[in-house]
Structures are given as structure tokens and as C-alpha cells.
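Step one of this worksheet: look at the structure below.
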Amino acid sequence: MRTNYLAVLVAGVAYWIVGGLWFGVFFGKAWLTLENITPEQAQHMANPWLPYVASFVFDVLMAFVLAQLCAWRSANTAARGAALGILMWIGFVGPVMYTSYLYEMRPAGLYAINGFYPLVGLCLAGAILGAWTKKAA
């Protein structure tokens with residue numbers, strides 16, 4: 001299989017939109033509270049556009065890497081792609097984040113907000129990539 005760059009871009013954008021909804025609509029207030037950030041502090045960031053641009057670039061990068069893994073594992077359906085995204089979270093993202101949270105003595109609720117966002121994002125991106133595979137000519 002070959003890399004479908006349009007699928008990678010769409011998966012990255014979808015992951016990025018999930019982040020906007022996750023932290024802006026669903027868990028924004030709880031996240032600010034658990035991070036000890038006031039709404040006023042959040043509104044007066046030095047570079048307010050930088051986190052959005054950086055997260056978009058990284059989300060597209062993760063979608064690209066996940067696309068390579070989907071190709072290597074022949075994850076050519078939405079279910080297989082989503083399963084691969086979940087597997088990557090279970091094997092890498094979740095454990096690394098949780099270990100850091102344990103040493104930093106951060107609240108479990110904060111781990112749930114920060115940690116489950118990439119689980120949902122990787123699952124969605126994997127589903128898009130798996131469903132939208134480009135077959136070899």
C-alpha cells in the first residue's frame with residue numbers, strides 16, 4: 001500500500017478538531033481548574049496562536065506515522081485502523097503519560113482529561129486512515 005496524503009491530512013485535521021472540542025467544549029473548565037490556570041491567564045498567553053499551530057503540525061505528523069503503521073499492518077478498514085490507533089495508545093502514550101503523572105503527583109482527573117484525548121484522537125485518525133487506504137497500482 002502507498003501513503004494516501006490526503007487521508008493523512010484529513011486524519012490530522014480530525015485529530016486537531018477533537019482536541020479543540022475536548023479542551024474547549026467538553027473538558028475546558030475542568031482542565032483549567034486541574035492545571036491551576038485561571039481563565040484570565042489562559043486569555044493572556046504570550047503567543048496564543050503557537051499551541052494551535054504546533055498541535056496541528058504534531059497531529060498531522062502522528063497521522064502520517066499512523067498511516068505508515070496501517071500500511072505495514074494491512075489495517076485497511078476503519079475497524080482495523082481504529083484498533084491500531086488504540087493499540088498505539090495502550091502500548092506507548094497511556095503508559096508514558098501515566099508514569100509521568102505518578103512521579104509528578106498530578107491528579108488522576110487531569111490524567112483522564114489529558115490522557116484519553118490522544119486515545120480518542122488516535123482511534124479516530126486510525127479509523128479514517130484504515131477506511132481510506134490507497135491500494136497499490
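Look through the range 99-113, keep the residues that are assigned to a helix (DSSP H, G or I) and touching a residue at least 24 places away in the same chain (Cβ under 8 Å), and return whichever of them is surrounded by the most Cβ atoms within 10 Å (Cβ to Cβ).
Of all residues in the range 99-113, those assigned to a helix (DSSP H, G or I) come to 99-104, 108-113.
Next, only the ones that are touching a residue at least 24 places away in the same chain (Cβ under 8 Å) stay: 109-110, 113.
On the way: GLY109: 13, LEU110: 17, ILE113: 19.
The qualifying residue surrounded by the most Cβ atoms within 10 Å (Cβ to Cβ) is ILE113.
Within the set of pairs 6 or more residues apart or between chains, which connect a residue that is in contact (Cβ under 8 Å) with a residue 40 or more places away in the chain inside the range 66-87 to a residue that is of a type in the set (D, E, K, R) with Cβ atoms less than 7 Å apart?
What qualifies is LEU84/ARG73.
What number of residues within the range 52-86 are among the aliphatic types (A, V, I, L, M) and exposed (fewer than 14 other Cβ atoms within 10 Å of the Cβ)?
Narrowing the range 52-86 to residues among the aliphatic types (A, V, I, L, M): 53-54, 57, 60-63, 65-67, 69, 71, 75, 78-79, 82-84, 86.
So of that shortlist, the ones also exposed (fewer than 14 other Cβ atoms within 10 Å of the Cβ) come out as 53-54, 57, 61, 65, 79.
Residues meeting the conditions: 6.
Name the single residue, out of those in the range 43-70 being small (Gly, Ala, Ser) and at pLDDT 95 or above, that is farthest from ILE17 (Cα to Cα). Lay out the reasoning, then the answer.
Kept after step one, since they are small (Gly, Ala, Ser), are these residues of the range 43-70: 46, 54-55, 63, 67.
The next check asks that each one be at pLDDT 95 or above; those that pass are 54-55, 63, 67.
Details: ALA54: 13, SER55: 10, ALA63: 13, ALA67: 18 Å.
Checking each candidate, the answer is ALA67.
Which of (1) at pLDDT 95 or above; (2) aliphatic (A, V, I, L, M); (3) over 18 Å from the mean Cα position of the chain (by Cα) is the odd one out, the single condition VAL13 does not satisfy?
Only one criterion is unmet by VAL13, namely (3).
Given the options PRO107, PRO95, name the one that is closer than 30 Å to THR33 by Cα and over 16 Å from the mean Cα position of the chain (by Cα). Show your work before the answer.
Numbers: PRO95 fails: over 16 Å from the mean Cα position of the chain (by Cα).
Exactly one of PRO107, PRO95 is closer than 30 Å to THR33 by Cα and over 16 Å from the mean Cα position of the chain (by Cα), namely PRO107.
Just wondering, is there one or more residues in the range 19-28 that are under 11 Å from GLY126 (Cα atoms), of a type outside the set (Lys, Arg), touching a Phe, Trp or Tyr at 6+ places or on another chain (Cβ under 7 Å) and in contact (Cβ under 8 Å) with a residue 60 or more places away in the chain?
no
The values are calculated or read from the model by the stated rules, or taken from the named source; none is laboratory data. Predicted, not measured: the structure shown is a model, and the values here were computed from it. All Cβ positions, glycine included, derive from the backbone under ideal geometry; neighbour counts span all protein chains shown.
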